[in-house]
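The next block holds one structure in the form of structure tokens; read it before the comments.
The values are calculated or read from the model by the stated rules, or taken from the named source; none is laboratory data. Owing to the predicted nature of the structure, the values given are computational and were not obtained by experimental measurement. Reconstructed Cβ throughout: ideal geometry from the backbone, glycine too, with neighbour counts over all protein chains shown. What goes into the accessible areas is simple: the full protein's heavy atoms, side chains included, and nothing from ligands, DNA or RNA. Shrake-Rupley method; radii C 1.70, N 1.55, O 1.52, S 1.80 Å.
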Amino acid sequence: MQVLLIEDDIALAEALSQTLKNEGFTVNHLTHGKLAVVSIKTELPDIVILDLGLPDIDGTEVLKLIRRESADLPVLVLTARMSLEDKVNGLDLGADDYLAKPFEVAELMARLRVFERRASSLKHAGLSIGNVSIDSTSHQVSVIGQNIDLSRREFMLLKALMENAGRVQTRDSLESKLYSWGEEVASNTIEVHIHHLRKKLPDNFIQTLRGIGYIVKPT
Ligand code: CA
């Protein structure tokens with residue numbers, strides 16, 4: 001799950017990012033609203049965590065712009081302004097949930113897991129192509145009915161390829177699904193993961209388009 005964290009309090013953002021990464025989320029962090037909107041237009045994350053008090057534009061503006069891009073992208077609003085009026089306003093603008101600062105990290109994680117469950121039940125909870133089945137909710141992968149063990153990143157990679165079956169996935173786009181911004185990624189990382197995945201999957205399940213990327217063909 002890719003989380004876009006929009007928060008100008010660096011200390012809070014760093015602590016949150018670390019916790020989220022430890023829980024298996026991929027986290028991209030931005031401090032400004034305008035940049036966040038550009039980023040969302042370029043690539044839709046799975047979940048947005050949005051602080052309302054941002055240095056350039058107000059978080060409620062960001063929320064409006066997010067809703068123009070996507071009606072159902074889950075947005076969790078973080079705010080110190082917890083007046084009833086603000087809460088009603090934000091919900092009108094399409095926030096899915098609210099958390100008042102200061103909050104417990106455990107509370108935030110609980111809310112995110114609700115989003116995660118909702119997202120994965122909407123998005124291909126179970127998907128089968130040929131002899132390979134993947135279940136995003138239980139993180140199980142099976143080949144001809146036999147469960148196989150994949151690392152977290154192998155799972156994310158296979159999921160990205162299967163959800164986009166029939167469409168070529170470039171190395172760059174796969175990399176952005178597997179890693180947070182600023183994370184050190186060796187240039188052959190995706191190739192290495194693909195190599196390991198292929199050993200566990202039927203022959204030719206993942207096909208290489210030389211110089212472009214990888215594809216799983218729908219059957
Ligand atoms: Ca703030």
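Close contacts from region 6-22, counting a first residue that is under 20 Å from R113 (Cα atoms) and a second that is open to solvent by 40 Å² or more (accessible area, probe 1.4 Å) and modelled with pLDDT of 95 or more, with Cβ to Cβ under 6 Å and a gap of 6+ residues or different chains, come to A13/H29; S17/H29. Looking across A71, A15, A80, one residue alone is open to solvent by 10 Å² or more (accessible area, probe 1.4 Å), within 12 Å of the ligand (Cβ to nearest atom) and of a type outside the set (D, E, K, R). It is A80. Of all residues assigned to region 38-46, none qualifies as being open to solvent by 10 Å² or more (accessible area, probe 1.4 Å), over 12 Å from the mean Cα position of the chain (by Cα), of a type in the set (K, R) and within 16 Å of the ligand (Cβ to nearest atom). Can you confirm whether T26 is away from the ligand (no atom under 12 Å from the Cβ), at pLDDT below 95, buried (at least 21 other Cβ atoms within 10 Å of the Cβ) and closer than 19 Å to E175 by Cβ? In short, yes. Hey, among I66, I49, which residue is open to solvent by less than 40 Å² (accessible area, probe 1.4 Å) and within 16 Å of the ligand (Cβ to nearest atom)? Just one listed residue meets the conditions, I49. Scanning region 83-102 for residues being modelled with pLDDT of 80 or more and either away from the ligand (no atom under 14 Å from the Cβ) or within 18 Å of L44 (Cα to Cα) (or both) gives a total of 5. Taken together, the criteria exclude V141 from residues that are within 25 Å of I47 (Cα to Cα), among the β-branched types (V, I, T) and modelled with pLDDT under 90. The numbered conditions (1) open to solvent by 20 Å² or more (accessible area, probe 1.4 Å); (2) more than 16 Å from E43 (Cβ to Cβ); (3) of a type in the set (A, V, I, L, M) are all true for M156 except (2).
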